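Chemist: The structure follows.
The values are calculated or read from the model by the stated rules, or taken from the named source; none is laboratory data. Keep in mind that what you see is a predicted model, and the values were worked out from it rather than measured. Virtual Cβ from ideal backbone geometry, glycine too; neighbours counted across all protein chains shown.
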Amino acid sequence: MILTDIHTHSTFSADGETPLADMVAAARKKGLGYFGVSEHFDYDYIPAGLTYEGGKPVRTDGEGYFASARALQAQVNDGSFTFLAGCELGYTDDASVQLRYRELIKKYSPDFVVNSVHTCDGADCWYGAYFGGKERRVAYTRYLERVLQSLSAPYRYDIVAHVGYVSRNAPYADPKLRYDEFKELYDEILRGVISRGKILEVNSSARGAGSAFLPDADVLGAYFRLGGRRVSFASDAHCADRICAGRESVVRALRDIGFTHITVPVADGEVKVPICV
Ligand SMILES: [Zn+2]
Ligand SMILES: [Zn+2]
């Protein structure tokens with residue numbers, strides 16, 4: 001059995017808790033075959049005028065991160081363990097930010113790129129400001145429309161991350177973002193993922209989403225029915241303890257739907273890892 005966890009964060013991200021070298025060492029110790037770190041580059045915050053909690057500026061030290069990551073790769077990568085140096089790019093339709101992302105990709109050639117929607121309507125969907133004055137249906141529709149738009153990002157990306165992020169911290173009695181409620185939009189998103197040859201991430205950091213992972217099995221089932229076969233597993237760990245957290249329930253659900261492989265984007269292509277529970 002080969003364990004994979006592609007999409008995690010170290011202290012190079014503002015909200016990471018474990019230094020990069022310790023994250024990599026912990027992943028090795030846990031016996032992972034493929035371990036991907038994807039530091040936040042939340043430049044989508046900039047045109048929205050947002051800052052991190054406590055007013056911290058939006059800045060990830062790309063130079064320091066990729067230099068450290070490449071040095072670590074030279075030390076630890078061998079036939080049984082591969083550490084992948086990736087990045088998570090917060091989508092925005094702002095052209096100047098999109099250009100910055102293109103330049104970042106060109107400069108550092110990340111091993112994989114995670115395309116994420118965190119912000120919508122000028123707010124991060126994690127925070128109350130996004131939901132203020134919005135009915136549940138509107139808040140979720142606006143978010144899913146943004147995800148659909150993000151698929152056309154004019155730069156390279158490999159993974160479509162945590163679809164359903166908006167429900168992680170939503171203030172509703174019933175936060176679950178169900179496929180049946182937003183079938184048309186979901187189908188458009190899932191078809192877009194498939195037609196572009198992207199990987200749909202299954203993220204076990206669901207928090208208060210009313211699901212064990214994002215997107216939940218109803219959405220993954222629809223993706224499979226539409227012909228989607230490329231999925232990745234992500235704990236979205238921000239500390240070493242959470243690496244691979246929730247993996248078992250994700251792979252069981254994937255297997256029950258009919259998926260046979262986890263797809264891992266690597267620097268020069270991709271690897272298909274058989275799903276084993
Ligand atoms: Zn994210
Ligand atoms: Zn993340």
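Chemist: Go through (1) under 30 Å from P171 (Cα atoms); (2) in contact with a Ser or Thr (Cβ under 6 Å, 6 or more places away or on another chain); (3) not acidic (D, E) and name the single condition R247 misses.
Modeler: (2)
Chemist: Would you confirm, using the coordinates I've provided, whether Y91 is under 19 Å from V219 (Cα atoms) and either of a type in the set (F, W, Y) or surrounded by fewer than 15 Cβ atoms within 10 Å (Cβ to Cβ) (or both)? Give the steps one after another, and end with the answer.
Modeler: Values: under 19 Å from V219 (Cα atoms): no; either of a type in the set (F, W, Y) or surrounded by fewer than 15 Cβ atoms within 10 Å (Cβ to Cβ) (or both): yes.
So Y91 does not fit the description; no.
Chemist: Follow-up. Any residue in segment 79-94 that's more than 16 Å from N203 (Cβ to Cβ): show its pairings with residues that are modelled with pLDDT under 95 and within 16 Å of ligand 2 (Cβ to nearest atom) at Cβ separation under 7 Å, as long as the two are six or more apart or on different chains.
Modeler: none
Chemist: Quick one: what pairs do we get from segment 210-239, first residue within 17 Å of Y34 (Cα to Cα) and without any contact (Cβ under 8 Å) to a residue 60 or more places away in the chain, second surrounded by 18 or more Cβ atoms within 10 Å (Cβ to Cβ) and of a type in the set (S, T, N, Q), C-beta under 8 Å, 6+ apart or different chains?
Modeler: Short answer, once both residue conditions are applied: R230/T263; V231/T263.
Chemist: If I filter segment 126-135 down to residues being more than 10 Å from ligand 1 (Cβ to nearest atom) and not in a helix (DSSP H, G or I), which single residue comes out as nearest to P215 (Cα to Cα)?
Modeler: So the first thing to find is which residues in segment 126-135 are more than 10 Å from ligand 1 (Cβ to nearest atom), and the list is 127-135.
Now restrict to residues that are not in a helix (DSSP H, G or I): 127, 132-135.
Values: Y127: 19, G132: 24, G133: 25, K134: 22, E135: 21 Å.
Within segment 126-135, the match that is nearest to P215 (Cα to Cα) is Y127.
Chemist: Just checking, which of E39, E103, E63 is away from ligand 2 (no atom under 16 Å from the Cβ), within 30 Å of P154 (Cβ to Cβ) and in contact with a helix residue (DSSP H, G or I) (Cβ under 9 Å, 6 or more places away or on another chain)? Step through it out loud before you land on a result.
Modeler: Details: E39 fails: away from ligand 2 (no atom under 16 Å from the Cβ); E103 fails: in contact with a helix residue (DSSP H, G or I) (Cβ under 9 Å, 6 or more places away or on another chain).
Matching residue, one of E39, E103, E63: E63.
Chemist: Here's something else I'd like to know. Within segment 144-186, track down each residue that is touching a Leu at 6+ places or on another chain (Cβ under 6 Å) and over 13 Å from L200 (Cβ atoms).
Modeler: Once the filter is applied, which keeps residues that are touching a Leu at 6+ places or on another chain (Cβ under 6 Å) and over 13 Å from L200 (Cβ atoms), segment 144-186 yields L144, S167, F182, L185.
Chemist: Just one of A26, A48, A14, A21 is within 16 Å of ligand 2 (Cβ to nearest atom), of a type outside the set (S, T, Y) and in contact (Cβ under 8 Å) with a residue 24 or more places away in the chain; which is it?
Modeler: On the way: A26 fails: within 16 Å of ligand 2 (Cβ to nearest atom); A48 fails: within 16 Å of ligand 2 (Cβ to nearest atom); A21 fails: within 16 Å of ligand 2 (Cβ to nearest atom).
Among A26, A48, A14, A21, only A14 is within 16 Å of ligand 2 (Cβ to nearest atom), of a type outside the set (S, T, Y) and in contact (Cβ under 8 Å) with a residue 24 or more places away in the chain.
Chemist: Could you look through segment 136-162, keep only residues that are of a type in the set (D, E, K, R) and either surrounded by 16 or more Cβ atoms within 10 Å (Cβ to Cβ) or not in a loop (DSSP other than H, G, I, E, B) (or both), and pick out the one that is farthest from ligand 2 (Cβ to nearest atom)?
Modeler: Pass one, segment 136-162, residues of a type in the set (D, E, K, R): 136-137, 142, 145-146, 156, 158.
Right, trim to either surrounded by 16 or more Cβ atoms within 10 Å (Cβ to Cβ) or not in a loop (DSSP other than H, G, I, E, B) (or both) and you get 136-137, 142, 145-146, 158.
On the way: R136: 24, R137: 26, R142: 21, E145: 21, R146: 17, D158: 14 Å.
Across segment 136-162, the extreme among qualifying residues is R137.
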